[in-house]
Amino acid sequence: MARTCANKQPFDFEKAAVGQPGPDGTPIVRTFTSRGGIPGVETRPRPGVRTLTFPLAALRRQPVVRGIIPPPPKQEPTRRPARVAQMLALAHRLQGALDSGEYKDQAALAREFGLTRGRITKLLDLTLLAPDIQEEVLFLEADHGVEPLTERDLHALTRHLNWGDQRREWQALRSGTSR
């Protein structure tokens with residue numbers, strides 16, 4: 001809004017930047033009052049400084065521009081061997097240690113690894129699965145921490161001594177009809 005300043009020259013007070021020279025070359029200082037003064041009234045409290053006084057009610061708030069934080073870039077899926085695959089690999093290592101005579105019995109294994117004898121037995125039972133099921137389990141991966149299969153599901157298969165029965169249960173488990 002252009003108004004006439006003290007020296008009668010037109011000047012746009014709303015666009016005047018603080019610290020920039022006014023029409024007569026003096027720096028501009030803006031002050032605001034809550035007394036309801038007339039917008040754009042120019043006063044000269046100090047020589048050489050131009051002061052524009054605006055009432056607070058006359059101020060127009062600029063819209064606040066809030067930045068939208070972009071979502072983080074999509075990360076590659078974090079893949080790692082599934083927990084059941086790790087347990088099966090451990091079971092084969094433990095069975096190999098027993099077979100080689102490195103440990104006398106399962107109780108010695110339990111003492112060495114800090115596990116119970118029951119836990120050692122459950123782990124070694126995983127080696128009784130059909131070879132093709134073991135191969136599939138060893139290649140299972142967990143995506144973003146989601147396990148594809150639980151150890152409990154595998155122990156349900158070890159109840160069947162016949163590999164044909166294990167394969168049927170495995171197919172039912174993989175298709176999602178079991179559980």
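The values are calculated or read from the model by the stated rules, or taken from the named source; none is laboratory data. None of the values given here were measured: they were computed from a predicted structure. Positions of Cβ are generated from backbone atoms using ideal geometry, with glycine treated the same way; all protein chains shown enter the neighbour counts.
Computed values, structure above
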quantity: Residue that is more than 22 Å from R93 (Cα to Cα) and of a type in the set (S, T, N, Q), where the choices are Q134, Q171; calculated: Q171
quantity: Criterion (assigned by TED's automatic domain parsing to the domain that holds A89 and in contact with a Pro (Cβ under 9 Å, 6 or more places away or on another chain)) met by exactly one of L138, L161; calculated: L138
